[in-house]
Amino acid sequence: MAHLGVGIGWRPEIADAVDRLDGLDWVEVVAENICPGHLPEALQRLRERGTRIVPHGVSLGLGGADRPDPQKLAALGERAVALGAPLVTEHIAFVRTSSPVLEAGHLLPVPRTRDALDVLCENVRIAQDALPVPLALENIAALFSWPGEEMTEGQFLTELVERTGVRLLIDVANLHTNRVNRGEDPAAVLDAIPLEALAYVHVAGGVERDGVWHDTHAHPVPPVVLDLLAELRARVEPAGVLLERDDDFPPEAELAGELAAIREVVTAAARPKPSAPKAAPLPEAGPEPESGAQPETGTEAQAGTGAQSEPQPEAGAQPEAGAQPEAGAQPEAGAQPEAGAQPEAGAEARTGGRGVGEDARTRVALGQAALLSALVAGTPVPEGFDRARIRVQVRALAAKRADVVAKVAPELPGILGGRDPYRKAFLAYAKGRPMTAGYRRDALDFAEHLLIQDLPADPAARRRLTAWWQERAGARPPRRIVRWARTLVGRAA
């Protein structure tokens, strides 16, 4: 892996500050938020100066039951080529289901089961065949665990690397999140995974409330996360370390100070390998946070939607659907399992080398659909999940959805009388209406929902909302008789 150094996540809100940061080695950009032929001027200047830029995807959903979308793969590859990137990165997560059609707007954990691993490995191989540069995958933060898991995080990641040769993007802030929320030992994960497969490292801030850690990317990096970076540094010298900040951006001097603290840890002489600390017990779920409590607002907030720009790949840039690796392909050398550990027979052994059976994908699809439906559509929580934690996740997803819609359609809070009236109206709308087609469509559907109900009550505000909706939807708002009919059939219930 080529040396990257210390970098920062590039965001439009801090573009000028990033341009002035001393000693910045590289940047990472959310892939779905840029268009290859129309790069922001500030990002183009960095490219012309020779600053390395890595696209970080959030919408593939490689952990989902469906095979990767060829158009999304093509779009990610186009961005890698446009940026001259040495690699692209994505997440070990699912973000949507196709039956029913539901979008999480968030990176959700996959179960650590044989079925889920088989599906993930095949999806990764399809992505690797379609992309023009190497792929690295990030471990995600989670609020809850799946029941009936068959592997630890370390075992899951190790076998993923062995079977696909994919590289790892380790987020040490996510390791801390999972220590608090799921009782997992970060040191045990670092000890178990093949660190020779490490592409680079993420560092970010968050906050703990009522026994739950929220990976906000909107708070300073806490000492406990820097300590985990030091533990990783004691085991391996990472090729790159990147600071993620996605919201509530601090003054430029504070960003520079956080980068300096990260650089100090990375450049320190490797210390003797620390003994693994005792795993923290899973805290009891405390009072649920308020509806707006600390949702993640950055990369994860865009998951599956491409909220800011929703670029489309150029016509004809399609990878071959369902491309498979050559028979007998071997992972990169050096990715070894834990000493003495023998992985169980994988998908290839169970299917005669033909890839994942549809029965495995069906089982994964059913489990993910039941969970996502409970999270965004109000259906019962599947058996075995921590119901208190699922309720926390439901509230966080709804709050995040409201926040991102307000970002992609900033006129709506103003039309509705401010942030609080907007949030109240949006959360009432979202309660029984899951997102199915991204945040921009969600904003239009929300506005139409209000107009159907003859809202807002103020006639002037209603006229402004009508004009806003009509300009973007390219259609006339429903006539009053249509609105009444829709109400009768329950659409406005």
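The values are calculated or read from the model by the stated rules, or taken from the named source; none is laboratory data. As the structure is a prediction and not an experimental result, all values here were calculated from the model. Heads up, the Cβs are rebuilt from the backbone with ideal geometry, glycines too, and the neighbour counts pull from every protein chain shown. Please note that ligands, DNA and RNA were not included when accessible areas were found on the heavy atoms of the full protein model with its side chains. Shrake-Rupley method; radii C 1.70, N 1.55, O 1.52, S 1.80 Å.
In the condition set (1) outside any helix (DSSP H, G or I); (2) surrounded by 14 or more Cβ atoms within 10 Å (Cβ to Cβ), Ala437 is compliant with all but (2). For segment 218-232, the count of residues that are crowded, with 20+ Cβ neighbours inside 10 Å, at pLDDT below 95 and either out of contact with any Gly (no Cβ under 6 Å at 6 or more places or on another chain) or not small (Gly, Ala, Ser) (or both) is at least one. Within segment 1-24, the set of residues being part of a helix (DSSP H, G or I), surrounded by 14 or more Cβ atoms within 10 Å (Cβ to Cβ) and more than 25 Å from the chain's Cα centre (by Cα) comprises just one member, Asp19. The number of residues in segment 376-417 being touching a Phe, Trp or Tyr at 6+ places or on another chain (Cβ under 7 Å) and acidic (Asp, Glu) comes to 2. Selection of segment 122-146 for residues being under 16 Å from Ala74 (Cα atoms), among the polar types (S, T, N, Q) and surrounded by fewer than 21 Cβ atoms within 10 Å (Cβ to Cβ) yields only Gln128. For Gln155, state whether it is touching a helix residue (DSSP H, G or I) at 6+ places or on another chain (Cβ under 9 Å), closer than 20 Å to Asp191 by Cα, open to solvent by 10 Å² or more (accessible area, probe 1.4 Å) and among the polar types (S, T, N, Q). Against the criterion (touching a helix residue (DSSP H, G or I) at 6+ places or on another chain (Cβ under 9 Å), closer than 20 Å to Asp191 by Cα, open to solvent by 10 Å² or more (accessible area, probe 1.4 Å) and among the polar types (S, T, N, Q)), Gln155 qualifies. Scanning segment 217-266 for residues that are over 24 Å from Ala187 (Cα atoms) and among the acidic types (Asp, Glu) yields Asp246, Asp247, Asp248, Glu252, Glu254. The residue of segment 366-387 that is nearest to Pro434 (Cα to Cα), among those that are outside any loop (DSSP other than H, G, I, E, B) and open to solvent by 30 Å² or more (accessible area, probe 1.4 Å), is Ala370. Within the set Ala80, Ala17, the sole residue that is small (Gly, Ala, Ser), touching a residue at least 40 places away in the same chain (Cβ under 8 Å) and in contact with an Asp or Glu (Cβ under 9 Å, 6 or more places away or on another chain) turns out to be Ala17.
Taking segment 412-434 as the range and being part of a helix (DSSP H, G or I) and in contact with a Gly (Cβ under 8 Å, 6 or more places away or on another chain) as the test, only Arg423 passes.
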